[in-house]
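Below is one structure, written out as structure tokens, with a few remarks after it.
Rule-based calculations on the coordinates, nothing more; no lab input. Please read these numbers as outputs of a predicted model, since none were measured by experiment. Here the Cβ positions follow ideal geometry from the backbone for every residue, glycine too, while neighbour counts run over all protein chains shown.
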Amino acid sequence: MIVRGWFLAIVVVVVAGIVLVGILGSGILLPSSVSQQSTTGTSILVATSATAVTQLPSGMVLTSPVFQDGGRIPSRYTCTGDGISPPLAWSGAPKETKSIALIIDDPDTSRGIFTHWVIFNIPASDNSLKENIPASGVLPNGATQGNNGAGRIGYTSPCPPSGTHHYIFHLYALDTQLNLQAGATKQDLLTAMTGHILAEAQLIGLYSKN
């Protein structure tokens with residue numbers, strides 16, 4: 001009886017191992033995975049419950065000639081200056097890119113995240129935005145602007161009431177042109193981009209009135 005018991009235990013262990021190897025080999029995730037935002041020069045993992053992990057390239061880099069990542073945004077681009085949009089440039093978008101989108105958020109407001117700019121359908125052939133983009137729904141190059149947190153189309157400048165705020169510039173390379181109209185909200189854009197993001201890049205600028 002003792003021998004038989006040991007034999008059954010060994011069989012159970014072997015079968016369990018075979019099942020586990022099969023699950024891992026199939027790419028099935030046992031728990032839900034949380035999507036990770038990309039950072040420059042690394043890769044991101046995008047996964048949902050019971051789906052295989054998808055590795056996305058995130059070699060895109062987003063920069064500005066007027067401030068460094070983590071640096072202070074010049075007052076020219078804020079409410080204490082001209083209030084115009086800053087120049088931006090990017091590189092490293094995948095060759096499959098069909099359009100570019102950009103969202104600028106301030107997460108430091110007392111009422112939660114405030115969105116300063118929503119712009120999408122930037123041509124994949126473009127690799128920059130010049131300063132002072134006009135507040136029009138559709139730009140000459142076909143790029144389309146959505147509503148900012150103030151309910152207006154185009155860029156609205158940083159204007160923190162107190163302290164230093166972080167302004168997160170989030171760039172997306174997409175595998176499609178989006179079927180969205182001018183005045184779309186950030187949530188509209190995020191929903192439309194689902195399943196179409198090839199790569200991402202981020203730039204953070206700081207600003208305070210003091």
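For this structure, a couple of remarks:
- The ranking of 122, 113 from fewest to most other beta carbons within 10 Å of each one's beta carbon is 113, 122.
- Computed from the C-beta positions of residue 185 and residue 210, the FRET efficiency with R₀ = 25 Å rounds to 0.20.
- Long-range amide H partners of residue 108 with built H, under 5 Å: 114, 166
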